[in-house]
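Peer 1: Before I ask anything, let me first share the structure, which is written out below as structure tokens.
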Amino acid sequence: MAAVALGAAALAGPLAAQTPADTLIYNLAVTGSGTRLSVEARMIAGEGTSVFLASPPAGAGTSVTAFGASDDRGAPLLVQRTGSGYVIARSRPGPVRFRYQLSFTDSVAAGSTAAGLDSVRLYAVTRSLFVAPDPVLYRKMGHPYPVVRLQFLLPPRWRLVASWDSLGPVLAPRSGDDLLGGAVAAAADYRLYDGSTGGAAFTVAVRGTRAFTDSALVDLVSASLRLGAEAFGAVPVPRVTYISDTGRKGRTSGSLQGTSAVGLLWEPGEMLERARSHDTFHETLHLWFGGAMEAERWWTEGVTDYFAARLYAAWRGDPRELAALCYESLRNYDRIPHRRTTTMTQEAHSLPGGDNTIRLVYRKGMLAGLLLDAAIRRGSHERATLDDVARRLLAAARTHRSKTIPESEIGEAVAEAGGSTAAHEWTRVVTGTEEITEAQVAAALRTVTGVELPPPPPRPANPKTLSKPPSP
Ligand SMILES: [Zn+2]
């Protein structure tokens, strides 16, 4: 932390609005022969005499070794290791070259937020790849982030999949966040599908073989973007890249990285049924909630999950899909021990992380989406829905620099759309801890879909035990 503070102080001095942006050019070489990647960079930094660089965070699945720096003529520069990265000392402004080796812990990424490299493919979230200036620090200083250009040197026939803009063979991240907040993949056998819908272009890159066809996945992605745009306004970014690869057996995950790269790492036997289709809608809707608008986690994860379920069911033309997903959330919610003592926001602030299936922000958050939607519809005599509230909040987020909508503002919008009925539901479900019941979920589903959707019959708690009755 001390090094970060020092960096801030060093940058604060020469701060000037007319300062031309520094430039930073990376070459990343993948040899295709192991789990290591070589990186070289040249940075032209106009101000100050020290260059401050942050390393990939711990837990990113990569480690940096053999870091060294020199001037343009090859004379070594002093490098100091800090808690979070490196400081390169130089005697005057001018180009600095640095290089490092990046070792991957895993040959195959453990999930969509991880990194993996082997002899046939690369998948990585981009913050795991770069030793780079910290964009947060630059923003704090009001200093323009370097203009970044990237070139990947890949084994023969490998193709790169990334959400960055390209200028011929060179990639051009738009900002430090764009550099460090995306996902990239490369392999010889990526199959690329391009399309456009909902006001945005999209690319679906698929490798490996699963139980479903590529076209089924492309249809699903396209539907998620189209229905998302119909409900919440045009896709908030000009282009979205979906990377679908096979991961390890038993590990399945999807995530939006940054603002425009969706990773879908699914296990080899994966089928494109309700669960994965719903996940895909969920990740797409993060372009709006989590991308264009930030809020408390129960909204960003849970309400997004509800919208994803409702839009997926609408696309399938079957409200039973929505019901199945809501009742599944209810079953998980019923297993959360703190459901009657802790609000979703208290949980998010006291128990960050953890297994999604037993977190209120996901499970109760999804039910909160359903119950608030139903209450707004009832309270407004079917003149408003939760979608109206979401659109209004998205519009407000566009005017906030942080894009963050406080919980109180969501509550006000809910009450305005659905009157006292919705305000009462808000108090019960969001700011309160009263238990949510199966009857309430069934009633809300009836309001939202117009049809009766009773809960599925209870499944045997433990079929294995039942199949082996105890011996007398
Ligand atoms: Zn999510």
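Peer 1: Any idea how far the Cα center of segment 243-268 sits from the one of segment 124-152, in Å?
Peer 2: Using only Cα atoms, the two centres lie 24 Å from each other.
Peer 1: Between the alpha-carbon centers of segment 34-91 and segment 355-415, tell me the distance in whole angstrom.
Peer 2: If we compute the Cα centre of each part, the gap is 44 Å.
Peer 1: Would you please give the FRET efficiency between residue 358 and residue 275, computed as 1/(1 + (r/R0)^6) with r the Cβ-Cβ distance and R0 = 25 Å, to the nearest 0.05? The partial results should precede the final answer.
Peer 2: Values: r = 17 Å, r/R0 = 0.67.
So the FRET efficiency works out to roughly 0.90.
Peer 1: Along the charge dipole of the chain, which of 222, 67, 332 sits closest to the positive end, that is, farthest toward it, with unit charges on the beta carbon of Lys, Arg, Asp and Glu (+1, +1, -1, -1)?
Peer 2: In the chain, that residue is 67.
Peer 1: What is the local net charge at residue 284, summed over the other residues whose Cβ is closer than 15 Å to its Cβ (Lys, Arg +1; Asp, Glu -1)? Spell out each step's value before the answer.
Peer 2: Numbers: positive: 226, 239, 276, 310; negative: 219, 230, 279, 283, 301, 305.
Every neighbour counted, the sum reads -2.
Peer 1: Which whole-Hz couplings ³J(HN,Hα) result when phi for each residue of segment 213-230 is put into the Karplus expression 6.51 cos²θ - 1.76 cosθ + 1.60, θ = phi - 60°, listed in order with x for Gly and Pro?
Peer 2: Once θ is set to phi - 60°, the couplings for segment 213-230 become 8, 4, 5, 5, 5, 4, 4, 5, 4, 4, 5, 5, 5, 5, 5, x, 5, 5 Hz.
Peer 1: Give the distance, in whole Å, between the Cα centre of segment 219-237 and the Cα centre of segment 99-119.
Peer 2: Spelled out, the Cα-based centre of one part sits 31 Å from the other.
Peer 1: Pop the C-beta distance of residue 120 and residue 177 into the FRET formula with R0 = 25 Å and round what comes out to the nearest 0.05.
Peer 2: Details: r = 30 Å, r/R0 = 1.20.
So the FRET efficiency works out to roughly 0.25.
Peer 1: Rg and Dmax of the chain over Cα atoms: what are they, in angstrom?
Peer 2: 24.5, 86
Peer 1: Relative to the first principal axis of the alpha-carbon coordinates of the chain, what is the inclination of helix 438-449, with its axis defined by its Cα atoms, in degrees from 0 to 90 and to the nearest 10?
Peer 2: Value to nearest ten degrees: 80.
Peer 1: Kindly express, to the nearest 10 degrees and within the range 0 to 90, the angle between helix 2-12's C-alpha long axis and the longest C-alpha principal axis of the chain.
Peer 2: 70 degrees
Peer 1: Considering Cα pairs under 8 angstrom that are at least six residues apart, work out the relative contact order of the chain and quote it in whole percent. Mind showing how you got there, number by number?
Peer 2: On the way: 960 pairs, mean separation 48.2, N = 472.
Worked out over the chain, it gives 10 percent.
Peer 1: Mind checking which aspartates and glutamates have their C-alpha under 15 Å from residue 249, skipping anything on the same chain fewer than 8 residues away?
Peer 2: Once the sequence-local aspartates and glutamates are set aside, what remains near residue 249 is 106, 267, 270.
Peer 1: A further question follows. Subtracting the Cα-Cα distance from 0.36 nm times the residue separation, let me have the gained length for residue 157 to residue 78 in nm, one decimal. Don't skip to the answer; put the middle values down first.
Peer 2: Values: separation 79, 0.36 × 79 = 28.44 nm, distance 3.85 nm.
Going from the current span to full extension adds 24.6 nm.
Peer 1: Next up: About its Cα centre, what dipole magnitude does the chain give when the only charges are +1 on Lys and Arg Cβ and -1 on Asp and Glu Cβ, stated in debye to the nearest 20?
Peer 2: Values: 50 positive and 45 negative charges, 199 e Å.
Computed about the Cα centre, the dipole is about 960 debye.
Peer 1: Separate question: Quick one: helix 407-429 against the long Cα principal axis of the chain, what's the angle to the nearest 10°, folded into 0 to 90?
Peer 2: The angle comes out at about 20 degrees.
Peer 1: Mind listing the phi-derived Karplus ³J(HN,Hα) values for segment 300-309, rounded to whole Hz, using 6.51, -1.76 and 1.60 with θ = phi - 60°, and x for any glycine or proline?
Peer 2: 4, 9, x, 5, 4, 5, 5, 4, 4, 5
Peer 1: Which of the aspartates and glutamates could be linked to residue 403 by a straight reach, that is with a Cα gap under 19 Å, when you skip same-chain ones fewer than 8 residues away?
Peer 2: Residue 403 reaches 177, 178, 283, 294, 296, 301, 387, 388, 412.
Peer 1: Convex hull over the alpha-carbon atoms of segment 189-282: what's its volume per residue in Å³?
Peer 2: Details: hull volume 8.1 nm³, N = 94.
Spelled out: Cα convex hull of segment 189-282, divided by residues, is 87 Å³.
Peer 1: When the Karplus curve 6.51 cos²θ - 1.76 cosθ + 1.60 is applied with θ = phi - 60°, which whole-Hz ³J(HN,Hα) does each residue of segment 177-182 get, with x for Gly and Pro?
Peer 2: Ordered by residue, 3J(HN,Hα) equals 5, 5, 5, 9, x, x Hz.
Peer 1: Taking 0.36 nm per residue of sequence separation and subtracting the Cα-Cα distance, how much length would be gained by fully extending the chain between residue 35 and residue 381, in nm to one decimal? Before the final figure, lay out each step's value.
Peer 2: On the way: separation 346, 0.36 × 346 = 124.56 nm, distance 5.98 nm.
Value of the extension gain: 118.6 nm.
Peer 1: Additional query: Test of understanding: what is the full-extension gain from residue 443 to residue 335, defined as 0.36 nm times their sequence separation minus their Cα-Cα distance?
Peer 2: Gain on extension, residue 443 to residue 335, equals 36.7 nm.
Peer 1: To continue, here is another question. Could you tell me which residue out of 421, 445, 311 lies farthest along the dipole of segment 297-449 toward its positive end? Charges go on the beta carbon: Lys and Arg +1, Asp and Glu -1, centred on the Cα centre.
Peer 2: Towards the positive end, the residue furthest out is 311.
Bear in mind these aren't lab numbers, they're just calculated from the coordinates by the rules spelled out. The shown structure was predicted, so the numbers you read here are calculated from the model rather than taken from an experiment. In this analysis, Cβ positions are derived from the backbone assuming ideal geometry, glycine residues included, and neighbour counts consider all displayed protein chains.
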